[in-house]
Amino acid sequence: MLKKRFILALIILSVIFPFISYSLNFYADWLFFTETGFSSVFMTTLYAKTGTGLLFGGLLFLFLQVNLYYANRARFPLPGIYMVGGGNLRVSGADAARLVKPVSMLISMVLALFAGNWGATQWEDLLLFTNKLAVGTVDPVIGKDIGFYLFSLPFMEMLRAFAGFMLLATVLITTAVYYVRGGIILTERGAAVDEKVRRHLAVLVGVFACVIAAGFYLDIFGLLFSNNGAFYGAGYADVNSRLLTYRVLTFLTPLAGAMLAVGIWKGAWRLALLPPVIVVALYVIGIRVYPGMLQKFKVAPNELALETPYIENNLKFTRLGYDLDKIETVPFDVDTRLSAADIANNDATIKNIRLWDHAPLLKTYSQLQQIRTYYKFFDVDNDRYMVNGQYTQVMLSPRELSYADLPSKNWINERLIFTHGNGITLGPVSRISKEGLPEFFVKDIPPVSLADIRVTKPEIYYGELSNDYVVVNTKVPEFSYPTATGNINTTYAGKGGVPIDSLLKKALFAARFKTEKILLSSDITAQSRILYNRNISERVKAIAPFLRFDGDPYMVVDQKGRLKWIIDAYTWSNRLPYSKPLKGGINYMRNSVKAVVDAYDGSLDFYISDPDDVVLKVHARIFPKLFKPLAAMPDDLRQHVRYPHQLLQVQAAMFATYHMTDPKVFYNRENLWEIPVLGEKPMEPYYTIMKLPGEEKEEYILLLPFTPSKRDNLAAWLTARCDGSNYGKILAYTFPRDRLIYGPKQIDARINQDSFISQQLTLWSQRGSEVIRGSLLVIPIEKSLLYVQPLFLAADKAGLPELKRVIVAFGDEVVMEENLELALQRLFGGRKAAAAIAREVTADSKASPARLAKEAMSIYEKATNLQRQGNWAGYGEELRKLEQILRQMAQ
């Protein structure tokens, strides 16, 4: 008796504790959604999860109970478990009856619980199905609207999987019940099955055959997602063999199932086995054997001719899936006639060439502006601002609080005192101090502005490094920032977080975050607020888990001086027919949402950036109060919306192949492109401000070059526009194919081959400095291309990177100077001077060799002295003079 009570208590506890945990999380989530103003999203999701959970759990339980009712109702001549032969084993009928019903009920409840939990995770498929929309484009093989594949097919496949599991579980459990109750007896000659058992199982087998037929029907649509090697989607063999076979199997399988059921019902085993053998044979021949022979003997010798219509389908739908149809191809007839006047006319472009690379700049910011060890710059973002009336590209990094680096780790420090980061560091992308360090527009704590950008609310309570929760407005003063005379404290004045104004809420959050300190702390008052879900990526995912969020959020300073995070969000699907998938299976992608998070109070807004996206339209029908039109975004934030570089990277990878719209050219890969590779990594898209060909003013764009496959010369450059009404427009500028246009790898090789540059790099390395070569940027100016690469020096790997030189290449010339202006002056401003020097050398060609030798010796000695002093710029200048003298002597 005591043992039974103990077991019962364990069962009750195993149910109560998970229920309590679920209730706590449920209430905490409800408070979070109420705080952010998205309680309607919470309720819609809750209704959907509850509905799908009850639907699938209830269906499974009901179906099991109906079958178990008939199984338990049946009477057999020898009730109990019988194993005849060897040592005969028998369990009496009374014992069996007492065991079967409670055990089968328990198993049904457990399976129903699992089915309900699984069903609750399928809530999104249910909502997409019930709110589906037609796209207006049909697939070219079956004729279904694309909306069927995006919104209906996933739900139908889920139903098929559930029905198969439900029937399989029912067959196993009812068979076990019949065995225990004596309906199935194991003998030396095999299993003896009672007639009532056979009839029951016959019905289940017939129903299971219908589920298999439904699977064959859905496999018809699966053909449109197949991989045929040369292209994606159904090919000739699929359409002319597998498609017909699946249709026949869809019709034949229920008939075969009915005949199998009749055979089992009557005990006619030959009649029962013949139909499934026919179905299996038809599947093997029609799906495996004949399509393989058709592919080998008919398609392969005539592949281009037979597969052309299907290649066209792949081209069309892949371009649709990644929005490549909007890319406008523009010929770019490049020349090398760029002049000093052109450089002057594109001054805004020149001033915004990014010299500061993200990695060296992050290290430099960390050493110059981190201020204290517990602050950390996690990332550097690229953006543009109007700075003192100039349209300027900048690098910006938030100064967040690093909880891992707190000097003293305890609950009060981590949760009550050190609650937020402070301010940003912001500077131009191209300016360099005399020491090779970046210049700043905004720096220090509290923020000091050296331009007309003001930060009035520098506290960062919500960021990329924020911990899970803090409590503000307590009796303990919050740390704000350090000064020379002491620490400055602050009090949170925002609306973020949930008030802890009752003992119930204290207990709730103490249990939620597994700490009794929230409940017992005397520092927490009725005015205190708990801020949780503070990591911005987790915060937006909690509200909209059906979206995929960009891994590179960036911070913006609005006109009021508040700090806001902008996060790009993507709608996606893996169900677009004929579209080539990415590595994770996604074959449809749109940047349809811009999420904005206030760094101070955590308020959230989701703005629609692509109103034509059908997937977003369906989500907007499901959650009508979640999204706002982009026009509702404040103008000062909209000016900082940018095209996501991760999306352009994906589109570029696809466009490298799918810019070929002619099936023959695509099949032969005649004009295949690839993204240039420098070192071990392919180039990434980079932001810059420049004047596009045919435009009157500079704009903020995202740019990425292409090279022909397995070649190093340039083939094209892809640019995504970011400003105003041009946002989202993508242009592909293609170079002439009849001449050589230097690519990044070729320019990199020419830099390495330049004797002066390689000598300088060797000398720096020999002196113990680490030479960091920055990103090689291709900058289109007028009809020409300029190549720019910064060089950084650091004393060692942990040293402070300093931007010491800038390499600029144009045409066949490569120069290296202390800054970009000097390099451009040498390339373009110095052309007339070089011509004048050449004329002087020609006129003085009869000069005395002794005099020239003496002058050369003098220059050499001066260069040697400068080298000893470490004056590398002067040393390089003397080497250039020496080169001129030696050329003159060689004539």
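The values are calculated or read from the model by the stated rules, or taken from the named source; none is laboratory data. Please read these numbers as outputs of a predicted model, since none were measured by experiment. Reconstructed Cβ throughout: ideal geometry from the backbone, glycine too, with neighbour counts over all protein chains shown. All accessible areas refer to the heavy atoms of the entire protein, side chains included, with ligands and DNA or RNA removed. Shrake-Rupley method; radii C 1.70, N 1.55, O 1.52, S 1.80 Å.
Observations, loosely collected:
Per-residue answers, yes or no, for (1) within 30 Å of Pro545 (Cα to Cα); (2) touching a residue at least 60 places away in the same chain (Cβ under 8 Å); (3) touching a Phe, Trp or Tyr at 6+ places or on another chain (Cβ under 7 Å):
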position	(1), (2), (3)
Lys617	yes, yes, no
His640	yes, yes, no
Asp662	no, no, no
Pro676	no, yes, no
Glu680	no, no, no
Pro705	no, yes, yes
Asn713	no, no, yes
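- The helices (runs of 4 or more DSSP H) falling completely within the range 469-566 that include 3 or more residues that are open to solvent by 30 Å² or more (accessible area, probe 1.4 Å) and over 18 Å from Phe32 (Cα atoms) map to 517-520.
- Among residues of the range 736-745 being in contact with an Asp or Glu (Cβ under 8 Å, 6 or more places away or on another chain) and part of a loop (DSSP other than H, G, I, E, B), the one that is surrounded by the most Cβ atoms within 10 Å (Cβ to Cβ) is Gly743.
- Of all residues in the range 385-434 being β-branched (Val, Ile, Thr) and over 28 Å from the mean Cα position of the chain (by Cα), the one that is nearest to Asp552 (Cα to Cα): Thr392
- Screening the candidates Tyr733, Tyr700, Tyr742 for the property of being under 20 Å from Leu678 (Cα atoms) and either out of contact with any Lys or Arg (no Cβ under 9 Å at 6 or more places or on another chain) or of a type outside the set (A, V, I, L, M) (or both) yields one hit, Tyr742.
- Residue among Ser104, Ser152 that alone is closer than 19 Å to Tyr70 by Cα and crowded, with 16+ Cβ neighbours inside 10 Å: Ser104
- Inter-residue pairs, beta-carbon under 7 Å, first at positive phi and in the range 548-570, second of a type outside the set (A, V, I, L, M, F, W, C) and open to solvent by 30 Å² or more (accessible area, probe 1.4 Å), 6+ apart: Gly561/Arg454; Gly561/Thr456; Gly561/Lys457
- Hits in the range 407-433 - residues which are open to solvent by less than 10 Å² (accessible area, probe 1.4 Å) and assigned to a loop (DSSP other than H, G, I, E, B): Thr419, His420, Gly423, Val429
- Lys710 vs. criteria in a loop (DSSP other than H, G, I, E, B), on the phi > 0 side of the Ramachandran plot and surrounded by fewer than 15 Cβ atoms within 10 Å (Cβ to Cβ): yes
- Residue count, the range 348-373 (criterion: assigned to a helix (DSSP H, G or I) and either open to solvent by 20 Å² or more (accessible area, probe 1.4 Å) or at positive phi (or both)): 9
- Being without any contact (Cβ under 8 Å) to a residue 40 or more places away in the chain and of a type in the set (Lys, Arg) holds for only one residue in Arg431, Arg399, and it is Arg431.
- Some residue of the range 595-602 being free of Cβ contacts under 8 Å to residues at least 60 places away in the same chain, more than 17 Å from the chain's Cα centre (by Cα) and open to solvent by less than 40 Å² (accessible area, probe 1.4 Å): yes
- Just one of the listed residues (Ser755, Ser725) is among the hydroxyl-bearing types (Ser, Thr, Tyr), closer than 27 Å to Leu793 by Cα and either at pLDDT below 95 or touching a helix residue (DSSP H, G or I) at 6+ places or on another chain (Cβ under 7 Å) (or both), and it is Ser755.
- Selection within the range 241-266 - under 17 Å from His200 (Cβ atoms) and open to solvent by 30 Å² or more (accessible area, probe 1.4 Å): Ala258, Leu260, Val262, Trp265, Lys266
- If the condition is being at pLDDT 80 or above and either small (Gly, Ala, Ser) or open to solvent by 20 Å² or more (accessible area, probe 1.4 Å) (or both), then the range 167-182 contributes Leu168, Ala169, Val171, Leu172, Ile173, Thr175, Ala176, Tyr179, Val180.
- Residue within the range 118-131 that is within 30 Å of Asn72 (Cα to Cα) and touching a residue at least 24 places away in the same chain (Cβ under 8 Å) present: yes
- Among the residues of the range 41-75, those that are over 27 Å from Arg198 (Cα atoms), open to solvent by less than 70 Å² (accessible area, probe 1.4 Å), touching a residue at least 60 places away in the same chain (Cβ under 8 Å) and not aromatic (Phe, Trp, Tyr) comprise Val41, Thr44, Thr45, Ala48, Thr50, Gly51, Thr52, Gly53, Gly57.
- Test result for Ile185, touching a residue at least 40 places away in the same chain (Cβ under 8 Å), in contact with a strand residue (DSSP E or B) (Cβ under 7 Å, 6 or more places away or on another chain) and surrounded by 15 or more Cβ atoms within 10 Å (Cβ to Cβ): yes
- Of all residues in the range 643-677, exactly one satisfies the criterion of being open to solvent by 30 Å² or more (accessible area, probe 1.4 Å), part of a strand (DSSP E or B) and in contact with a strand residue (DSSP E or B) (Cβ under 7 Å, 6 or more places away or on another chain), namely Glu674.
- Those residues of the range 188-231 which are closer than 28 Å to Tyr578 by Cβ and either touching a strand residue (DSSP E or B) at 6+ places or on another chain (Cβ under 8 Å) or without any contact (Cβ under 8 Å) to a residue 24 or more places away in the chain (or both), in sequence order: Gly222, Phe225, Ser226, Asn227, Gly229
- Taking first residues from the range 785-810 that are of a type in the set (Gly, Ala, Ser) and partners that are surrounded by 20 or more Cβ atoms within 10 Å (Cβ to Cβ) and modelled with pLDDT of 90 or more, the Cβ contacts under 6 Å between residues at least 6 apart in sequence or on separate chains come to Ala794/Pro801; Ala809/Ile747; Ala809/Tyr787.
- Selection of first residues in the range 264-288 that are farther than 14 Å from Phe216 by Cα and of second residues that are open to solvent by 40 Å² or more (accessible area, probe 1.4 Å) and hydrophobic (A, V, I, L, M, F, W, C), restricted to Cβ pairs under 6 Å at least 6 apart or on distinct chains, gives the following pairs, ordered by first then second residue: Pro275/Met259.
- In this structure, Lys144 does not satisfy being in contact with a helix residue (DSSP H, G or I) (Cβ under 6 Å, 6 or more places away or on another chain), on the phi < 0 side of the Ramachandran plot and charged (D, E, K, R).
- The residues of the range 444-468 that are free of Cβ contacts under 8 Å to residues at least 60 places away in the same chain and open to solvent by 50 Å² or more (accessible area, probe 1.4 Å), listed by number, are Pro446, Val448, Leu450.
- Criterion: buried (at least 18 other Cβ atoms within 10 Å of the Cβ), modelled with pLDDT of 95 or more and of a type in the set (D, E, K, R) - qualifying residue of Lys326, Lys316: Lys316
- Only one of the numbered conditions (1) farther than 19 Å from Thr373 by Cβ; (2) surrounded by fewer than 17 Cβ atoms within 10 Å (Cβ to Cβ); (3) touching a strand residue (DSSP E or B) at 6+ places or on another chain (Cβ under 8 Å) is violated by Val387, and that is (2).
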